[in-house]
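Just so it is clear, none of the values below were taken in a lab; they were calculated from the coordinates. Since the structure is predicted, the reported quantities are computational estimates derived from the model, not experimental observations. Here the Cβ positions follow ideal geometry from the backbone for every residue, glycine too, while neighbour counts run over all protein chains shown.
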Amino acid sequence: MTDNNSITPTLNPKLLEILVCPLTKDTLIYDKAAQELISEKARIAYPIRDGIPIMLIEEAREIA
């Protein structure tokens, strides 16, 4: 029996090629384990929920 809650959705690589940080317009780094898209320049991480990137600055978290 498989636990569906343990399946981590993956982000389509073609989508990652076209997404940019709304704040800096720089490319993003996909963190599969955390399910986030990271903007190193802005030092924020955008969440990915149910396989959908949430590209709202208000929803992003600051990273150290």
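Between I29 and E58, what is the spin-label point distance in nm, taking each point 7 Å from the Cα along the Cα→C-beta axis?
Output for this residue pair reads 2.8 nm.
Sequence gap at least 6, Cα distance under 8 Å: using those rules, report the relative contact order of the chain to the nearest whole percent.
For the chain, the relative contact order is 23 percent.
Per DSSP helix of 4 or more residues, -39500 (n - 2.57); summed, then divided by the residues of the chain. What does that give at 222 nm, rounded to the nearest 500?
Value at 222 nm, helices only: -2000 deg cm²/dmol.
Take every Cα-Cα pair in segment 9-62 and report what % of them are more than 15 Å apart.
The answer is 35 percent, as a whole percent.
Work out from phi, with θ = phi - 60° and the Karplus expression 6.51 cos²θ - 1.76 cosθ + 1.60, the ³J(HN,Hα) of each residue of segment 51-62, listed in order in whole Hz, and give x for Gly and Pro.
Ordered by residue, 3J(HN,Hα) equals x, 10, x, 9, 8, 9, 4, 5, 8, 6, 10, 6 Hz.
Quick one: which of 10-16, 27-33, 43-49 comes out on top by average Cβ neighbours within 10 Å, and what's the full order, highest first?
43-49, 27-33, 10-16
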